[in-house]
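Only the coordinates and a few stated rules stand behind these numbers; no lab work does. Computed from a predicted structure; not experimentally measured. Don't worry about glycine lacking a Cβ; one is built from the backbone with ideal geometry, like all the others, and counts go over all protein chains shown.
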Amino acid sequence: TSLGALPVAFSRSTTWRHLDVALAFSAGVMLVSSFTSLILPAIEISKSFLIVSLGILAGVVAIRLIDRFVPHEHLYAGYEGPAIGKKLLKKVWLLALAVIIHNLPEGLAIGVSTAYSIPVGIATGIAISIQDVPEGLAVALPASATGGARKATVIAVLSGLSETLMAVLGAVLFTTFSILLPIGMGFAGGAMLYVTVKELVPEIYREEHSELKVTAGFITGFLLMLFLDSAL
């Protein structure tokens, strides 16, 4: 996330024409990792589709509630959350909160998959770290237009720290209470699925986008995560 913000710190430009392709890449990574690193291994170790399904549903509901009650603003879709939040918070912080909401399930996914298997955790961490670069750019670019490049970079870095925190908490919690691991893996998978389908896909397939470029970005992210998961 911090690396994604660096170009903004050293540039006066507040636009990047390939951001939609980069976000599509992120969506491809998240979609595959939610299945190969979380949901399918959870079913394998628990031998229970029902338990994992409950975890998935809980993850979807949790992120949905956060999405509804935490004020935030998306790069293209605009503001979401309680109406008062738009009055109380500046746009730059609303954009940061949107990335933090994305980062929570991503961090949890890294922590939970590491508790399941260190190689799987490494693969998940590498792939999600790569796709965090465009997310850092996505928060820094519009933030720089309203708060300046330096402030935008700081906010992007802080938004990325939420992912680190969730990764550590997830790894510690589900290593300590390993009996809950299948539910935790389902929860993280469901949360990532919600973010991908509800947030990223509508953002990347806006009407003015080039569908070919966006789809190519999505497939590239999809194949990268699939390769990392199979290689490691």
Inset, instruction - Mind checking which lysines have their Cα closer than 28 Å to the Cα of residue 151? Skip sequence neighbours fewer than 8 apart in that chain. - result: 86, 87, 90, 91
Inset, instruction - With θ set to phi - 60°, apply the Karplus curve 6.51 cos²θ - 1.76 cosθ + 1.60 along the range 181-194 and write out the HN-Hα couplings as whole Hz, x wherever there is a Gly or Pro. - result: 4, x, 5, x, 5, x, 4, 5, x, x, 5, 5, 4, 4
Inset, instruction - Once you have a ≥ b ≥ c as the square roots of the Cα gyration tensor eigenvalues for the range 127-232, tell me rounded if a/c is under 1.5, and otherwise prolate or oblate according to whether a/b is larger than b/c. - result: oblate
Inset, instruction - At most 14 other Cβ atoms within 10 Å and a DSSP loop assignment: could you name the trypsin sites (Lys or Arg not before Pro) in the range 126-232 that fit? - result: 206
Legend entry - Extension reserve of the residue 69-residue 197 stretch, reckoned as 0.36 nm per residue once the Cα distance is removed: 44.2 nm
Inset, instruction - Choose one answer from 58, 138, 191: the residue with the largest mean-square fluctuation in a GNM of the chain with alpha-carbon springs under 10 Å. - result: 58
Legend entry - Relative contact order, percent, the chain [alpha-carbon distance under 8 Å, six or more residues apart]: 42
Legend entry - Label of the coordinate-derived value, Cα Rg over 2.2 N^0.38 Å, listed as [x] 0.98; [y] 0.91; [z] 1.33: [x]
Inset, instruction - Give the range of the longest stretch in the chain that excludes all GluC sites (Glu not before Pro) found in loop regions by DSSP and having at most 11 other beta-carbon atoms within 10 Å. - result: 1-206
